[in-house]
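A.B. asks: Structure below; questions to follow.
The numbers here are math on the coordinates, done by the rules we state, and not lab data. Owing to the predicted nature of the structure, the values given are computational and were not obtained by experimental measurement. Heads up, the Cβs are rebuilt from the backbone with ideal geometry, glycines too, and the neighbour counts pull from every protein chain shown.
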Amino acid sequence: MRLVLLGPPGAGKGTQARRLAERFGVPHLSTGDLLREQVGAGTVLGRRAADFIDSGRLVPDALITAIVRGRLHSGRAADGYVLDGYPRSAVQAKALETILAETGTALTAALDLVVDEEEVVRRIGGRQVCLRDSGHIFHLHTAPPIVRGLCDHCGGELYQRSDDRPATVRDRLAVYAEQTAPVARFYADAGLLRTVDAEGTADEVTRRVLDTLGLARVGGRR
Ligand code: AP5
Ligand code: MG
């Protein structure tokens, strides 16, 4: 299973990608999480990426593609992966084609999570993430932690992402419309695009994704 998840900020890519990766037993590769880890660790890459992330701009294509290429060539990705947040420009979509050719593999599908802007604002407005355990995602109303302010999985403190301020969210949505939306057309032309209605609960969206992938109900579970 080699999946690409597309969709605007706050569409639920991270939420769904984690579920799909667990279900298929493949790595969840989120370029946003990778970059935030680097920022948190204060590495050279993190210091270069921080300004781009905080202003809602994309980090340079070559920088992020080098990281993705390394991950997709590694043995951990041999049986598949769920890519979340990459590709998000036409240049990155072409770069991924090159990486697939290098590894002699092909994508299963590109899933485009469609959700309207008001819902995006609601989702991002209540989001809290755990920075200690690489990005477990919560929401104050729709996915609250058991203990307020603490991660259910590792007990780490929960934070609001630095790029979740309203002004930055507006900039990220503009960047998405201008630079990332064309990526969906790229996959539509390749016959790989699967559009998924991402409104409703996270469970409902997961069911729609699995239906879209043609996966039948097994033992009452999807
Ligand atoms: P990234 O981290 O990828 O952010 P994004 O694409 O803007 O998407 P988000 O992570 O904000 O949202 P999501 O779709 O994952 O939603 P989530 O599941 O959290 O990128 C951040 C930055 O890094 C970029 O701006 C850029 O600077 C840089 N970057 C990353 N990749 C790059 C690349 N390839 N090239 C260049 N730069 C790159 O859900 C949101 C909230 O809603 C959560 O609270 C969740 O609990 C809740 N929720 C989820 N589903 C539902 C539901 N169905 N109903 C109700 N609530 C829900
Ligand atoms: Mg995310």
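A.B. asks: Mind checking which residues of the range 126-153 are over 17 Å from the mean Cα position of the chain (by Cα), free of Cβ contacts under 8 Å to residues at least 40 places away in the same chain and either outside any loop (DSSP other than H, G, I, E, B) or within 29 Å of residue 62 (Cα to Cα) (or both)?
C.D. replies: 132, 150
A.B. asks: Being touching a Pro at 6+ places or on another chain (Cβ under 8 Å), farther than 22 Å from residue 16 by Cα and either within 16 Å of ligand 2 (Cβ to nearest atom) or free of Cβ contacts under 8 Å to residues at least 60 places away in the same chain (or both) narrows it down to one residue among 95, 62, 66; which is it?
C.D. replies: Just one listed residue meets the conditions, 95.
A.B. asks: So which residues in the range 175-216 are assigned to a helix (DSSP H, G or I), in contact (Cβ under 8 Å) with a residue 40 or more places away in the chain and either touching a Leu at 6+ places or on another chain (Cβ under 8 Å) or under 26 Å from residue 140 (Cα atoms) (or both)?
C.D. replies: 175, 176, 179, 180, 183, 184, 187, 202, 205, 206, 209, 212
A.B. asks: Those residues that are within 11 Å of ligand 2 (Cβ to nearest atom) and part of a strand (DSSP E or B), I need them from the range 1-31; list them, please.
C.D. replies: 5, 28, 30
A.B. asks: Something else about it: Test of understanding: among 140, 107, 113, which residue is among the hydrophobic types (A, V, I, L, M, F, W, C), within 29 Å of residue 192 (Cβ to Cβ) and within 12 Å of ligand 1 (Cβ to nearest atom)?
C.D. replies: Result: 113 is the single residue among 140, 107, 113 that is among the hydrophobic types (A, V, I, L, M, F, W, C), within 29 Å of residue 192 (Cβ to Cβ) and within 12 Å of ligand 1 (Cβ to nearest atom).
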